[in-house]
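Any read-out appearing in this document is the output of simple, stated calculations on the displayed coordinates, not a laboratory observation. If you're wondering where the values come from, they're calculated on a predicted model, not measured in any experiment. Here Cβ is always computed from backbone atoms with ideal geometry, including for glycine, and neighbour counts include all displayed protein chains.
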């Protein structure tokens with residue numbers, strides 16, 4: 001059993017409030033350590049970007065500031081959602097189709113605040129929680145969908161969740177997009193945005209030195225309030241996610257980890 005699995009099992013025996021406090025302390029420590037000592041400053045560039053998000057809200061939490069900054073400069077940004085988001089829809093009385101539509105509407109509202117046109121937002125509608133289980137023809141079809149979007153928009157930067165992000169859909173999104181880039185054979189900057197990794201596991205268990213060395217920090221002070229407004233657009237999610245978890249994404253910096261292809 002891995003250390004990550006041991007921690008997950010241990011948390012099951014602790015009160016939920018205590019678990020969230022421990023996770024908040026860990027998340028704050030890790031984020032600030034990387035922000036202050038282990039990351040290089042990154043200046044906003046004018047490279048067209050494509051953001052791949054496993055669920056509706058990950059793109060805004062992890063990249064909302066970057067998206068808003070680029071759009072203010074007129075830089076093209078495309079956002080692609082891989083799953084339909086039905087797995088975290090709040091009230092169990094809501095039918096799946098209703099949850100899916102709510103999450104799509106929230107995504108469009110959030111991205112509109114960040115400056116992304118609805119024509120530049122795509123939903124691949126894979127079942128929430130299924131990305132790691134895609135095999136054979138189904139997996140290749142998803143990769144081909146990603147390839148077609150890369151061909152159409154020709155981004156110079158591609159953003160994906162961290163490859164150790166402690167969530168099966170997040171880690172699978174990284175794998176699928178990286179494989180699509182490899183099959184297409186294009187030269188792009190691939191950057192990872194962390195969502196759950198700081199919250200669910202201690203830094204030195206999950207990240208290797210090479211991971212930390214690839215950290216970049218981007219100041220988003222100019223658009224911080226817009227990112228906060230966009231996050232608030234995800235009403236169905238804000239009532240489900242821990243407040244302390246969300247607070248980490250409301251600050252003036254975003255951290256990315258560059259991948260060497």
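Structure values in brief
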read-out: Cα-based shape type of the range 62-186, given that a ≥ b ≥ c are square roots of the gyration tensor eigenvalues and the cut on a/c is 1.5; value: oblate
read-out: Binned Cα-Cα distances of the range 3-259, short to long, each 10 Å bin given as a whole percent; value: 7, 31, 39, 20, 3, 0
read-out: Modelled FRET efficiency - R0 35 Å, residue 261 with residue 72, Cβ distances, 0.05 increments; value: 0.80
read-out: DSSP-defined beta bridges in the range 3-259 - what % are antiparallel, rounded to 5; value: 30
read-out: Quotient of C-alpha Rg and 2.2 N^0.38 Å, computed over the range 124-239; value: 1.19
read-out: Protection-proxy order for peptides 35-48, 66-79, 209-222, each taking the mean of Cβ atoms within 10 Å per residue, highest first; value: 66-79, 209-222, 35-48
read-out: Label-point separation in nm, residue 118 to residue 33, each point 7 Å along Cα→Cβ; value: 4.5
read-out: Centroid-to-centroid separation of the range 190-261 and the range 12-49 [C-alpha atoms, Å]; value: 6
